[in-house]
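To keep things clear, I will list the structure first and then write my remarks on it.
The values are calculated or read from the model by the stated rules, or taken from the named source; none is laboratory data. No experiment lies behind these values; they were computed from the predicted model shown. So basically every Cβ, Gly included, is an ideal-geometry build from the backbone, and we count neighbours across all protein chains shown.
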């Protein structure tokens, strides 16, 4: 029977309602969650580790990187066939992406969580944990990389997103669909990622890197505040294809004049940014100024790549290769 390491970091999967607090809070131990996942002992030998009890919004870059490092340590153990990490869903997609972009392993790395607490009739945590261990132990998952398992579906860590605030099927890979499914204990892989970029593995990610969102009529105040307060780089969640209101452009120029990277992503849920529009504030004009385009990365993904690239000491030309190569 295969050995799977399971890191329990907190999140809704570990929560129950505390009447004195007025809502759900982290309460359950790793052992209590495992006990609720009936039949898991028939799937794999699970080695639990109580890594933390953090709600999703309490995850910081330092904590994400420490979790990433612990996952890498466990993967190096020849007795371990895969790693499962439970995580708060509010930041699960970011941590999964960080790990996917910084850890290369043939062994599966599986993130999971829950959309309902243990106090709810529809607590989905035990089923999701069982599915996650099933994937981590499955021969079919070898080489699949970092994935997110929620609601019986397997999503690539490079693609997944939380697309609903509370629905049980909140996780999706927008425009792409899942890699596979778990059907009555069987892992069915329908597709695999091809041509993924090499991982970025600095000593630590660079901080701070901010995200500034564009909206109708916005100006450069938030861009300037980010730059003046010491951010090392910024991701601009631009409109549509990668365009911004003209009043933002002077702020972008000031970033570039300071030698700090500006990465253009889109606030739209799907699609790539590009140089289609040449009006003031259009994508072509921003690229000519020296902004870097993030392709199909969503803003939160582009931020992680920028933190990793800056942490690795990459210069302007190398940054452009990471995002636009």
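With 143, 157 as the choices, which residue is within 16 Å of residue 100 (Cβ to Cβ) and surrounded by fewer than 19 Cβ atoms within 10 Å (Cβ to Cβ)? Break it down stepwise before answering.
Working: 157 fails: surrounded by fewer than 19 Cβ atoms within 10 Å (Cβ to Cβ).
One residue alone meets the criteria, 143.
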All-but-one check, residue 323 against (1) within 16 Å of residue 233 (Cα to Cα); (2) in contact with a strand residue (DSSP E or B) (Cβ under 7 Å, 6 or more places away or on another chain); (3) free of Cβ contacts under 8 Å to residues at least 40 places away in the same chain, failing number (3)
Going through (1) more than 18 Å from the chain's Cα centre (by Cα); (2) at pLDDT 95 or above one by one, residue 172 fails only at (1)
Among the residues of region 160-182, what is the count of those that are surrounded by 19 or more Cβ atoms within 10 Å (Cβ to Cβ) and assigned to a strand (DSSP E or B)?
6
Of all residues in region 138-151 being in contact (Cβ under 8 Å) with a residue 40 or more places away in the chain and more than 22 Å from the chain's Cα centre (by Cα), which is farthest from residue 191 (Cα to Cα)?
138
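When residues of region 183-224 are filtered for being assigned to a strand (DSSP E or B) and more than 20 Å from residue 263 (Cα to Cα), how many remain? Before you say what the answer is, go through the steps one by one.
First, the residues of region 183-224 that are assigned to a strand (DSSP E or B): 183, 186-189, 209-213.
Still in the running and more than 20 Å from residue 263 (Cα to Cα): 183, 186-189.
The number of residues fulfilling the criteria is 5.
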From the options 138, 100, 132, residue that is more than 21 Å from residue 41 (Cα to Cα), out of contact with any helix residue (DSSP H, G or I) (no Cβ under 8 Å at 6 or more places or on another chain) and surrounded by 24 or more Cβ atoms within 10 Å (Cβ to Cβ)
100
Residue count, region 275-308 (criterion: more than 16 Å from the chain's Cα centre (by Cα), surrounded by 21 or more Cβ atoms within 10 Å (Cβ to Cβ) and in a helix (DSSP H, G or I))
2
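Confirm whether residue 237 is in contact with a strand residue (DSSP E or B) (Cβ under 7 Å, 6 or more places away or on another chain) and either surrounded by 16 or more Cβ atoms within 10 Å (Cβ to Cβ) or not assigned by TED's automatic domain parsing to the domain that holds residue 160 (or both).
Numbers: in contact with a strand residue (DSSP E or B) (Cβ under 7 Å, 6 or more places away or on another chain): yes; either surrounded by 16 or more Cβ atoms within 10 Å (Cβ to Cβ) or not assigned by TED's automatic domain parsing to the domain that holds residue 160 (or both): yes.
Criteria met by residue 237.
Per-residue answers, yes or no, for (1) free of Cβ contacts under 8 Å to residues at least 40 places away in the same chain; (2) within 20 Å of residue 217 (Cα to Cα):
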site	(1), (2)
233	no, no
239	yes, yes
245	yes, yes
250	yes, yes
253	yes, yes
263	no, no
280	yes, yes
288	yes, no
303	no, no
Would you kindly identify the helices (runs of 4 or more DSSP H) lying entirely within region 61-155 that contain at least 3 residues that are at pLDDT 95 or above and closer than 19 Å to residue 39 by Cα?
125-137
